[in-house]
Amino acid sequence: MGLVGGDLDAVAAPQPFVDVDAPLVQRVQRGDQRAFEMLVVKYRRRIERLIARMVRDVDLVEDITQETFIRAYKALPQFRGESAFYTWLYRIGVNTAKKAMVQLKRDPVLTESALGGHGDDDDDGPRVEHDITDGETPESVLATRQIADTVNQAIEALSEDLRQAITLREIEGLSYEEIAELMNCPIGTVRSRIFRARESIAQKLRPLLDTRQGQRW
């Protein structure tokens with residue numbers, strides 16, 4: 001039994017964009033520094049992880065993170081909420097890190113330590129370093145670490161556009177729409193880049209996992 005036009009419109013109607021950080025952003029724009037401090041507390045770890053994946057020198061992570069928030073604070077009066085605050089902040093972090101690397105004549109690269117996690121309690125990145133638990137053997141732990149190392153190396157070998165796309169999707173957990181906005185490209189391009197990145201990683205993993213051709217990680 002079909003839906004009448006009105007019901008179909010109701011089902012198909014897109015959900016309005018809602019940024020959960022909008023109240024805090026508006027308070028900052030009215031001059032409330034405390035509100036910005038709350039945003040820093042909320043997102044500092046995520047920005048640090050972002051920067052750590054782009055630079056090899058861990059001593060630079062804190063400085064670049066601080067510079068990211070300084071730039072964000074100065075630019076907030078012009079922020080119009082056309083994207084989520086974190087999407088906007090993420091872009092500032094990427095640009096700040098790239099500028100720092102250019103100044104130091106280095107290329108942004110994905111680091112193994114960032115992919116493996118920093119040991120923070122709230123770090124939501126992949127972790128492979130762990131103690132042996134019930135049912136595990138030294139051999140199984142070693143195999144897990146070999147797999148993680150292979151994944152890290154495979155991601156590092158990707159081109160920058162594929163590396164950024166797979167990182168945003170699998171590590172940051174962003175949606176295809178958010179990635180498309182951050183990378184300034186169509187969603188179809190994002191899907192293609194993620195597919196190609198996964199295929200490249202899977203190709204490196206197959207000898208370890210003994211998977212069939214066509215399976216992806």
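Just a few scattered comments:
- Filter result for residue 46 (outside any loop (DSSP other than H, G, I, E, B), out of contact with any strand residue (DSSP E or B) (no Cβ under 6 Å at 6 or more places or on another chain), at pLDDT below 90 and not aliphatic (A, V, I, L, M)): yes
- Residues satisfying the stated conditions in region 41-58, i.e. farther than 12 Å from residue 98 by Cα and of a type in the set (D, E, K, R): 42, 44, 45, 46, 48, 49, 56, 57
- Residues (buried (at least 16 other Cβ atoms within 10 Å of the Cβ) and at pLDDT 90 or above) located in region 67-83: 67, 68, 69, 71, 72, 76, 79
- Residues located in region 52-91, provided they are among the β-branched types (Val, Ile, Thr) and part of a helix (DSSP H, G or I): 58, 61, 64, 65, 68, 70, 87
- The condition (being basic (Lys, Arg) and within 18 Å of residue 94 (Cα to Cα)) is satisfied by just one residue among 198, 169: 169.
- Among residues of region 86-100 that are over 12 Å from residue 71 (Cβ atoms), those with a Cβ under 8 angstrom from a residue that is aliphatic (A, V, I, L, M) and assigned to a helix (DSSP H, G or I), sequence gap 6+ or separate chain, pair up as 87/182; 90/47; 90/50; 90/182.
- Subset of region 12-29 (residues that are at pLDDT 55 or above and either of a type in the set (A, V, I, L, M, F, W, C) or outside any loop (DSSP other than H, G, I, E, B) (or both)): 17, 18, 20, 22, 23, 24, 25, 26, 27, 28, 29
The values are calculated or read from the model by the stated rules, or taken from the named source; none is laboratory data. All of these numbers come straight from a predicted model, not from anything done at the bench. Cβ atoms come from the backbone with ideal geometry, glycine included; neighbour counts cover every protein chain shown.
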